[in-house]
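In what follows, a structure is listed as structure tokens, so that the remarks can point back to it.
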Amino acid sequence: MASRSRDVTRADVQATILHGIRGYDGKLLANDLKCLDALEEYSVTIQDGRCRAGLSLGRNGFELIRHSSSLGDFFDHLALKTQYADEMKSFIGGLTGADKVIIIDCVIRGSPELMAEKPDNRVYEYAFKAHSDGDGETFLRMSDLADHEVTSRYRNGRYAVYTVWRPLAPVEQKPLALCDGSTVARDDLVAAYYAGYDELADKHPDLDYPPPSTYFHMAYSPKQEWYYFPDMTPQEVLVFKQWDSEPGAVLCVPHSAFEDPNSRPDAAPRTAVEARAVVFFAD
């Protein structure tokens, strides 16, 4: 199915995104994955990033990059954890100049129908809320589980965390929106609790579901600027920052799926693969 045509000059959209409630005490129930009582709706303008020159990892905390993968079947879980993880390790290392790269996660996001169709794969639903996936300690714990020796050696120096987001088919609906990290204040981040996937982890111990941890909802501010990239293809990736220990650097890029008002009623469901990497820099 061909992707929808768009205005190549500009495709800014207005959409509703759930945000964290500023000042919320963060005492969320462990089994309440959606945490809806801690969220409120805001209508925001999401700008077409393809029409904005100069967006970059260093300045904004995210960047659209042309990159293809040699992996043929992203639902081959072993190949995803090995072949694709190795590709992402090399890609992120070259992009950031990091001394060491640890891939802590590779997962698929897709529709509820895909989740039902692929019960033996880790397929996560879309996340319709402004959030960042964790803080420094959360990611260091994940890094330590993946490679204790490297994490122990480098954890007291500078480190950063990145996500590489790749669609597995042209994106026709529910694209990913990214909040410009340079427009996010530290007090916009509201601590939340991620309960993990204990029930699924018990059923599928080989799929390495992550443990419970703390992450962040983002409270609304009119200073925040949102972007997306219409009609992404599998030959493109969005790289965005989840955390950075360097003072003065962009800390993180809150993100969210959203309902694109320009999507056709018969648009194909969006499917994407996410790889998360903790990178360490030499002193």
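Coordinate-derived values only; no laboratory data. Source: prediction; values computed, not measured. Methodologically, a virtual Cβ is constructed for each residue, glycine included, from the backbone with ideal geometry; neighbour enumeration extends over all protein chains shown.
Among the residues of the stretch 180-197, is there at least one that is of a type in the set (Phe, Trp, Tyr), within 21 Å of His19 (Cα to Cα) and surrounded by 18 or more Cβ atoms within 10 Å (Cβ to Cβ)?
Restricting attention to the stretch 180-197, the residues satisfying the condition of being of a type in the set (Phe, Trp, Tyr) are 193-194, 197.
Narrowing the set further to residues that are within 21 Å of His19 (Cα to Cα) leaves 193-194.
Now narrow it down to the ones that are surrounded by 18 or more Cβ atoms within 10 Å (Cβ to Cβ): 193-194.
Taking every residue of the stretch 180-197 in turn, at least one turns out to be of a type in the set (Phe, Trp, Tyr), within 21 Å of His19 (Cα to Cα) and surrounded by 18 or more Cβ atoms within 10 Å (Cβ to Cβ).
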message = Scan the stretch 50-61 and tell me whether some residue there is loosely packed, with under 14 Cβ neighbours inside 10 Å, under 17 Å from the mean Cα position of the chain (by Cα) and without any contact (Cβ under 8 Å) to a residue 12 or more places away in the chain.
response = yes
query = Can you spot a residue in the stretch 231-248 that is touching a Pro at 6+ places or on another chain (Cβ under 6 Å), crowded, with 17+ Cβ neighbours inside 10 Å and aliphatic (A, V, I, L, M)?
reply = yes
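Could you run through the stretch 62-85 and say how many residues are without any contact (Cβ under 8 Å) to a residue 12 or more places away in the chain and not β-branched (Val, Ile, Thr)?
Just the residues of the stretch 62-85 that are without any contact (Cβ under 8 Å) to a residue 12 or more places away in the chain, to begin with: 72-73, 76, 78-79, 82.
Then drop every residue that is not not β-branched (Val, Ile, Thr), which leaves 72-73, 76, 78-79.
Residues in the stretch 62-85 being without any contact (Cβ under 8 Å) to a residue 12 or more places away in the chain and not β-branched (Val, Ile, Thr): 5 in total.
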Pick from the stretch 108-141, criterion in contact (Cβ under 8 Å) with a residue 40 or more places away in the chain and of a type in the set (Ser, Thr, Tyr), ranking: nearest to Gly181 (Cα to Cα) = Ser132
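How many residues, within the stretch 62-72, are over 21 Å from Asp231 (Cβ atoms) and surrounded by 12 or more Cβ atoms within 10 Å (Cβ to Cβ)? First the steps, then the outcome.
Initial filter on the stretch 62-72 (over 21 Å from Asp231 (Cβ atoms)): 70-72.
Within this subset, residues satisfying the condition of being surrounded by 12 or more Cβ atoms within 10 Å (Cβ to Cβ) are 71.
Result for the stretch 62-72: 1.
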